[in-house]
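Here's the structure we're looking at; comments come further down.
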Amino acid sequence: MLSDEAASALGPFFDRIGPSHDEIRVLIGRSGLRDLDPELAGGGPIGKMKRVKGVLFAAVESHPQEGERLLRSLIDAVRANGGFRPENENFPGPDAVEALRSALRNEGADLDVDGNVRPFHLESLEGRELTDALWSY
């Protein structure tokens, strides 16, 4: 589920909005990726989006399992902060949601409208979505 595309697509959910730096710090630490946190590299404060993307991009190559666990935890935190509800101030917009949905689909996972991630099954698709999925194989 973790890829450069997924890491990049998740970034806008942290641009001025979303979970706090403290929550991000806890999730990075719990996933075992504290050493990849650019916030700890010195050089002063860093934005949440740059921080999240930095850890996830580094994890793609060096720690994919831990990175996937962090990606899921971050999506859960975004959902808990209202990031998938259009009426909420933390909603980054439909384009950001669709970009994340597409990135996860390319990695075999489905993101529903409420921000829940589930394994992607071809049997659950119809019409154009099924055609697009089959062409990607």
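Bear in mind these aren't lab numbers, they're just calculated from the coordinates by the rules spelled out. Because the structure is a prediction, the values reported are computed rather than measured. So basically every Cβ, Gly included, is an ideal-geometry build from the backbone, and we count neighbours across all protein chains shown.
Semi-axes, largest first, in whole Å: what does sqrt of 5 times each Cα gyration tensor eigenvalue give for the chain?
Largest first, the chain gives 26, 17, 11 Å.
Using each residue's phi in the range 35-40, evaluate 6.51 cos²θ - 1.76 cosθ + 1.60 at θ = phi - 60° and report the 3J(HN,Hα) Karplus result to the nearest Hz, with x for Gly and Pro.
5, 8, 6, x, 5, 8
Once phi is turned into θ = phi - 60°, what whole-Hz ³J(HN,Hα) does the Karplus curve with 6.51, -1.76 and 1.60 give for every residue of the range 92-103, x standing for Gly and Pro?
Computed from phi, the couplings for the range 92-103 are x, x, x, 5, 5, 5, 5, 5, 5, 4, 5, 4 Hz.
Taking only DSSP H segments of four or more residues, each worth -39500 (n - 2.57), what value at 222 nm results for the chain once the sum is divided by all its residues, to the nearest 500 deg cm²/dmol?
-16500 deg cm²/dmol
Can you tell me which of 2-9, 59-66 comes out highest on packing, and rank the rest after it, using the mean Cβ neighbours within 10 Å?
Going from most to least packed, we get 2-9, 59-66.
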